[in-house]
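**Student:** Before anything else, here's the structure in question.
The values are calculated or read from the model by the stated rules, or taken from the named source; none is laboratory data. Worth saying up front: this structure is predicted, and the values here are computed from it rather than measured. As a convention, Cβ positions derive from the backbone with ideal geometry for all residues, glycine included, and neighbour counts pool all protein chains shown. Remember, those area values only see protein heavy atoms, side chains included, never the ligands or the DNA or RNA. Shrake-Rupley method; radii C 1.70, N 1.55, O 1.52, S 1.80 Å.
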Amino acid sequence: MTMVGKTKLASTSKGHGIFIYIVIFLLILSISIIFDIPVLRQILGFIFLTFIPGWLILSILKLNKLGMTEKLVLCVGLSVAFTMFAGLLINTIYPLFGYPTPLTTNSLLISFSIITLILAVIAYFRNKDIAFINISAFQLNTTDKIYLLLPAFFPLLAILGIRIMNSNGNNIMLMVLLLLIPAYVIFMAILHNKVPDGVYAPIIFCISISLILLLGLRSNHVIGADIHTEYYIFHQTLDNGKWQLLMNNTLDSCLSISILPTVYQSFININTEYLFKILYPVLFSISPLVVYIISRKYLNRVYSFIASIFFMSQIFFLTAEMSPRTVTAILFSALAFMVLIHNRLKSLQKYLLFIIFAASCIISHYSTTYIFLSILLLTWIVMQIVPWIYKKHGPSMQNSEDVTNNIRNGLSFSKFQPKHYITFGVMAIAFVMMFFWYSQITGPAFNSGVSFITTSFSSMQNFFDMESRGASAMALGSGIEAKTIPQQLFFVFTWMTILFVAVGVLTTLLRYRHTIAIYSESETKAPQYLVQKLDLEYFILSLVCSLVLALAVALPYVFVGYDMNRTYSQMMVILSPFFVIGGIMIARIFRNKLSYSIILLALIPYFMCTTGTTYQIFGISQAIILNSKGQDYDVMYVHEQETFAAKWTRKNVLAGNKIYADYFGGSRLISQGTITFSIYMGTLIENNKPLGDGYIYVRYTGVVDRKLLDSKYIWHDFDNFQYEFNHRNLVYDNGGSQIWK
């Protein structure tokens, strides 16, 4: 038998073997679900939904030869997208054949198994060299193990530390973790010449999962604002066995909080609140790897590592548990950016992956989608203008060496057309999908987007009115002199990081001849701090992201309507490399040869501020993960007594009766008692006027701490409103919550 024949036979055997492995896996998974085998069901169910469909799709697209990091993030992204779209397809088709509950466990198990087998068959015929897993990629030498030894313990420290914090309020282990991480980042930067290239991605993931799980594990219940309503929508979808327009508002368009968790719960079957609290942070934990992949194209490994740590230091990343639909959409938008920028994907592969991730972003969250598509549209417009500028001013914008090289390569300014992947066709498909989903199917999300845009621009008249800016007033320094030292430090280092990003973008623009690949990467040699010149399209994308951040400051309503932390985090997917570039440029001003030392001088204190470590050192209770007191804890932490009271209310108070609660009290009623008709008692708290007939839900802070919260997050003494309770009866009291009638 010839060598070619042997190779063919081996490939065929490998392909058949993989198909058999898939069948065996599905069989074991089915048994674990049918008999509800603890642990096995949870592990296999999570692996199946999070990795298997994406791996098969990668094989169908013949992308199995990518690096392990790229394959990991694409597998997760494609699997989550598959889960939502397959769930939507099942939800749409099955009722047509008389099956009213398509999203039940049996229905999903049978349907997903059949679809997976079909994907496996297609993957085999498309790519007979398909391999289930490349074991050699996980082989570590002694040096690799040494560098990975400490980071491997970070997730364990996080889990044990938060468990101890929940049980007895001791945060010492968490503080050790939050000090070890920046210390290890410094260690990696100092020894970067000796650190193996293959350990950076695992270290990034270990740090990422350790940080992002902290808030999700902090309580037995969901923590945040919108997450309570999102959890209600998930539970209604799960209980009904079907996705439908429940609330007739924008949240109905977000399959990330309805179909996605319902499918996961059907396969995994754990406490629903824990699923909802943990699932999204775990999925979003790969986003720093996406930033690393984007950065690695242009920066060396240590600078790319630092860029990913900077992204992880954002408040929004650390509080991902609070925003399920938003983090899902940002992850998909990040993956869409990544595939466009990646240089080892063919054009067709880029477009297919981009359309998948763009569509997934659309069905995940409306606001994130509007910003994402606006960025793409502006980038496309600028890329159409650039050739015209070069036709007019090309020769004068280039030095003599560039002109000589262009002539030698047969390039002329009259025929100048920079390489780009954001095309009119891609934009048209994305906008048609958005319009179809938001306007024709779900409705309110489209109207909300139009209203948001018009209100944002009309708010320009309040540009100098700091009160209209809400949170942005603090971001711009209003009243900073009266704040605590940690708050002042946070303000200083936040703006220092912004300065680094701005310097990175501006110096790249000013030195475009040396830093941007106008025609190709090989026009002239890239600066020493760059692996290669920045692609023109990527740099234009960066300029547009910078513009979006500037508009967020210029338009006061944007801060109030979308939350600046979300916008900032979404932009940092693209702009994080410029934080590093800016630091390098500033280091050169101070003639510092160790550029990373200047970068870390801004990054490490910023990380300590956003994680709450600085506040803790100064004895201020700020971070909810480190304290059982303080503003965030009192506002957002859900106590068991509040849960019991909400469930009692649901069981004993008939619909149609008014139920009053202080600000954020109603959130407990939604998530813990599935009560959506509660009323904020602002009439009493803010206007000091009596309430009408009905029930009053008094949560933990009202009973134990004797204070009520208003809509401006100001606390009021409970005893000031005692007159309202004197003529009411106490019908429920568990020591931590009360119901008055």
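**Student:** Name every residue in the stretch 561-613 that is of a type in the set (Val, Ile, Thr) and out of contact with any Leu (no Cβ under 9 Å at 6 or more places or on another chain), in order of residue number.
**Tutor:** If the condition is that a residue be of a type in the set (Val, Ile, Thr) and out of contact with any Leu (no Cβ under 9 Å at 6 or more places or on another chain), then Val573, Ile584, Ile589, Ile598, Ile599, Ile604 are the ones that fit.
**Student:** Say whether the condition of being under 24 Å from Leu217 (Cα atoms) and in contact (Cβ under 8 Å) with a residue 60 or more places away in the chain is met by at least one residue in the stretch 648-659.
**Tutor:** no
**Student:** I need the strands (runs of 3 or more DSSP E) fully contained in the stretch 638-736, keeping only those with at least 3 residues that are not acidic (Asp, Glu).
**Tutor:** It comes to 659-661, 695-698, 707-709, 730-733.
**Student:** Between a residue in the stretch 423-436 that is without any contact (Cβ under 8 Å) to a residue 60 or more places away in the chain and any residue that is in a helix (DSSP H, G or I), which pairs come within a Cβ distance under 6 Å, given they are 6 or more apart or on different chains?
**Tutor:** Within 6 Å, the pairs are Met427/Trp380.
**Student:** Another one. Restricting to the stretch 660-673, and then to whatever is free of Cβ contacts under 8 Å to residues at least 60 places away in the same chain and hydroxyl-bearing (Ser, Thr, Tyr), can you tell me which residue is surrounded by the most Cβ atoms within 10 Å (Cβ to Cβ)?
**Tutor:** By that ranking, first place goes to Tyr660.
**Student:** Could you identify the single residue in Gln631, Gln641 that is of a type outside the set (Phe, Trp, Tyr), open to solvent by 50 Å² or more (accessible area, probe 1.4 Å) and under 30 Å from Cys609 (Cα atoms)?
**Tutor:** Sole residue among the options that is of a type outside the set (Phe, Trp, Tyr), open to solvent by 50 Å² or more (accessible area, probe 1.4 Å) and under 30 Å from Cys609 (Cα atoms): Gln631.
**Student:** Could you list, in sequence order, the residues of the stretch 517-554 that are modelled with pLDDT under 90, open to solvent by less than 20 Å² (accessible area, probe 1.4 Å), closer than 23 Å to Ala334 by Cα and touching a Leu at 6+ places or on another chain (Cβ under 8 Å)?
**Tutor:** Ala517
**Student:** Pairs needed: first member in the stretch 244-255, on the phi > 0 side of the Ramachandran plot; second member anywhere, in a helix (DSSP H, G or I); C-beta distance under 8 Å; at least 6 residues apart or different chains.
**Tutor:** Asn248/Pro444
**Student:** If you go through the stretch 39-60 one residue at a time, do you hit one that is part of a loop (DSSP other than H, G, I, E, B) and either in contact with a Cys (Cβ under 6 Å, 6 or more places away or on another chain) or surrounded by fewer than 23 Cβ atoms within 10 Å (Cβ to Cβ) (or both)?
**Tutor:** Among the residues of the stretch 39-60, at least one is part of a loop (DSSP other than H, G, I, E, B) and either in contact with a Cys (Cβ under 6 Å, 6 or more places away or on another chain) or surrounded by fewer than 23 Cβ atoms within 10 Å (Cβ to Cβ) (or both), which makes the answer yes.
**Student:** On the given criteria, is Leu708 touching an Asp or Glu at 6+ places or on another chain (Cβ under 7 Å) and open to solvent by less than 70 Å² (accessible area, probe 1.4 Å)?
**Tutor:** The answer is yes for Leu708.
**Student:** Which condition does Arg301 not pass, out of (1) touching a His at 6+ places or on another chain (Cβ under 9 Å); (2) within 12 Å of Ile574 (Cα to Cα); (3) not small (Gly, Ala, Ser), if it passes all the others?
**Tutor:** (2)
**Student:** Further, regarding this structure: How many of the residues making up the stretch 627-636 are in contact (Cβ under 8 Å) with a residue 60 or more places away in the chain and out of contact with any helix residue (DSSP H, G or I) (no Cβ under 7 Å at 6 or more places or on another chain)?
**Tutor:** 4
**Student:** Can you name every residue in the stretch 610-626 that is in contact (Cβ under 8 Å) with a residue 40 or more places away in the chain, open to solvent by 10 Å² or more (accessible area, probe 1.4 Å) and either touching a Phe, Trp or Tyr at 6+ places or on another chain (Cβ under 9 Å) or within 20 Å of Ala225 (Cβ to Cβ) (or both)?
**Tutor:** Of everything in the stretch 610-626, those that are in contact (Cβ under 8 Å) with a residue 40 or more places away in the chain, open to solvent by 10 Å² or more (accessible area, probe 1.4 Å) and either touching a Phe, Trp or Tyr at 6+ places or on another chain (Cβ under 9 Å) or within 20 Å of Ala225 (Cβ to Cβ) (or both) turn out to be Thr610, Thr614, Tyr615, Gln622, Ile624, Ile625.
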